[in-house]
Amino acid sequence: MALGATALPVTEPEVATAIEDGLASLKDAQRGDGGFVHEPTGASNVNATAYALGGLLAVAAIFPLFADRY
């Protein structure tokens, strides 16, 4: 699926706020080594990091105005 072809304008403040909150949560969850975890006490792992990266790429494709945030 080409997500870039479905780019949507962010016209509703609630949508922009939800995206900003999600990006902030991902930033807070990122470990010092750049990875992500499934459990707060676990070590960074490839699966959790791939999920986080997938989410960031989806936001960038659908809402390009947020691409400069990460």
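The values are calculated or read from the model by the stated rules, or taken from the named source; none is laboratory data. Predicted model only: the values in this text are computed from it and were never measured. When we count neighbours, we look across all protein chains shown, and the Cβ atoms used for this are built from the backbone with ideal geometry, even at glycine. Just so you know, the surface numbers come from the protein's heavy atoms only, side chains and all, with ligands and any DNA or RNA stripped out. Shrake-Rupley method; radii C 1.70, N 1.55, O 1.52, S 1.80 Å.
Six or more apart or on different chains, Cβ atoms under 6 Å: show the pairs whose first residue is in region 17-44 and more than 18 Å from Ala58 (Cα to Cα) and touching a residue at least 40 places away in the same chain (Cβ under 8 Å) and whose second is open to solvent by less than 60 Å² (accessible area, probe 1.4 Å) and of a type in the set (S, T, N, Q).
none
Before we move on, is Ala7 out of contact with any Lys or Arg (no Cβ under 7 Å at 6 or more places or on another chain), within 18 Å of Ala58 (Cα to Cα), modelled with pLDDT under 85 and surrounded by 10 or more Cβ atoms within 10 Å (Cβ to Cβ)?
It is true that Ala7 is out of contact with any Lys or Arg (no Cβ under 7 Å at 6 or more places or on another chain), within 18 Å of Ala58 (Cα to Cα), modelled with pLDDT under 85 and surrounded by 10 or more Cβ atoms within 10 Å (Cβ to Cβ).
Tally time: how many residues in region 41-70 are open to solvent by 100 Å² or more (accessible area, probe 1.4 Å), at pLDDT below 85 and over 11 Å from the mean Cα position of the chain (by Cα)?
Adding up the residues that qualify gives 2.
Which one is modelled with the lowest pLDDT among residues in region 26-40 that are exposed (fewer than 12 other Cβ atoms within 10 Å of the Cβ) and not charged (D, E, K, R)?
Pro40
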